[in-house]
Amino acid sequence: MAKIIVTIEADLEDLIPDYLENRRQDCQAVLQGLKNGDYEGIRVLGHTMKGTGGGYGFDAITDMGQTLEEAAKQPDPAAIRSVVSQLEHYLQAIEIVYR
C-alpha cells in the first residue's frame with residue numbers, strides 16, 4: 001500500500017493519535033448508522049469531519065466529511081459506504097511528518 005504523507009504542525013503531535021482513533025471509530029459508527037437507518041447521525045459525523053479535518057492538517061478528511069454529509073442528506077447508502085472505505089484506506093495509508 002502506498003503511503004500518503006501528511007505534514008502536520010509539531011504542536012499538534014499529542015492530539016493526532018486520538019483524533020485519528022476517533023475517525024476510525026467514526027467509520028464503525030457510520031456503518032452502524034447505515035444498519036439502523038440513522039442518516040441524521042451519519043450527517044452529523046460527516047459535518048464534524050468536514051469541520052475538524054483541515055484544522056488538524058487533514059484536508060482529505062475535510063473533503064470526505066463533506067461528501068459523507070451530502071450523501072447522508074440524500075440519503076445515498078452506496079456513496080456513504082464508499083466514503084467509509086476511502087476513509088479506512090486513508091487512515092491505514094497515512095504517514096505523518098511533524099514540522
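What follows draws every value from the coordinates through simple rules; no lab data is involved. Remember, it's a predicted structure, so these values are computed and weren't measured experimentally. Positions of Cβ are backbone-derived with ideal geometry, glycine not excepted, and every protein chain shown enters the neighbour counts.
Some observations on this one:
- Pick from segment 1-27, criterion among the charged types (D, E, K, R) and crowded, with 16+ Cβ neighbours inside 10 Å, ranking: farthest from residue 56 (Cα to Cα): 26
- The listed residue being surrounded by 12 or more Cβ atoms within 10 Å (Cβ to Cβ), assigned to a helix (DSSP H, G or I) and in contact with a Cys (Cβ under 9 Å, 6 or more places away or on another chain), out of 30, 44, 84: 84
- Residue list for segment 47-64, restricted to those being without any contact (Cβ under 8 Å) to a residue 24 or more places away in the chain, within 23 Å of residue 11 (Cβ to Cβ) and either not in a helix (DSSP H, G or I) or not charged (D, E, K, R) (or both): 48, 51, 53, 54, 55, 62
Here is a yes/no grid of residues against (1) over 19 Å from residue 80 (Cβ atoms); (2) in contact with a helix residue (DSSP H, G or I) (Cβ under 7 Å, 6 or more places away or on another chain):
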position: 38; (1), (2): no, no
position: 42; (1), (2): no, yes
position: 47; (1), (2): no, yes
position: 56; (1), (2): yes, yes
position: 59; (1), (2): yes, yes
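- Filtered residue count, segment 1-27, keeping only those that are in a helix (DSSP H, G or I) and polar (S, T, N, Q): 2
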